Amino acid sequence: MKSALIAAAIVFLCACVCVAGPPLTQGTIVSMQSVECGQKHEGKKKSTALLCQQYVVHTTSTEYQIRQQKPEEQDILPANTRIQFTLDKHKMKLKANGKKYEYLVVGTSLLPSQ
């Protein structure tokens with residue numbers, strides 16, 4: 001009897017932990033642009049600008065501007081791509097086309113209500 005009660009308690013606690021994850025938010029990538037995000041030094045006086053992809057993501061109420069963490073590290077996501085994401089401080093963890101990505105949130109704004 002005690003073992004059955006303990007097993008039930010363990011199952012209940014495991015279920016609570018599984019459900020407690022952050023909720024996924026639906027959004028759409030609206031646009032993409034390349035922005036300067038650093039420089040690569042190639043000698044004493046020569047340097048090359050490094051470019052990162054910056055995206056605008058719309059949800060029902062908010063617009064996010066997100067940027068790659070490091071230059072040239074991820075795939076380019078096309079406009080009108082549907083995504084699911086979670087926010088963790090200044091990072092957005094998203095799923096698009098069956099892959100997972102992580103971006104820095106560099107700006108947010110509220111969309112006007114319709």
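Using 0.36 nm per residue, how much length does the chain from Glu102 to Lys70 gain when fully extended, once their Cα-Cα distance is taken away?
Contour length minus Cα-Cα distance gives 10.5 nm.
Any chance you could run the full-extension gain for Lys93 through Ser61? It's 0.36 nm times the residue separation minus the Cα-Cα distance, nm to one decimal.
The span from Lys93 to Ser61 would gain 9.7 nm if fully extended.
Straight-line reach from Lys45: which lysines have a Cα under 27 Å away, not including same-chain ones fewer than 8 places off?
Lys70
For Gln69, what residues show an amide H to amide H distance below 5 Å, using hydrogens built from the backbone and excluding near sequence neighbours?
Sorted by chain and number, the residues that satisfy this are Leu104.
Values in this text are rule-based calculations from the coordinates and carry no lab data. Keep in mind that what you see is a predicted model, and the values were worked out from it rather than measured.
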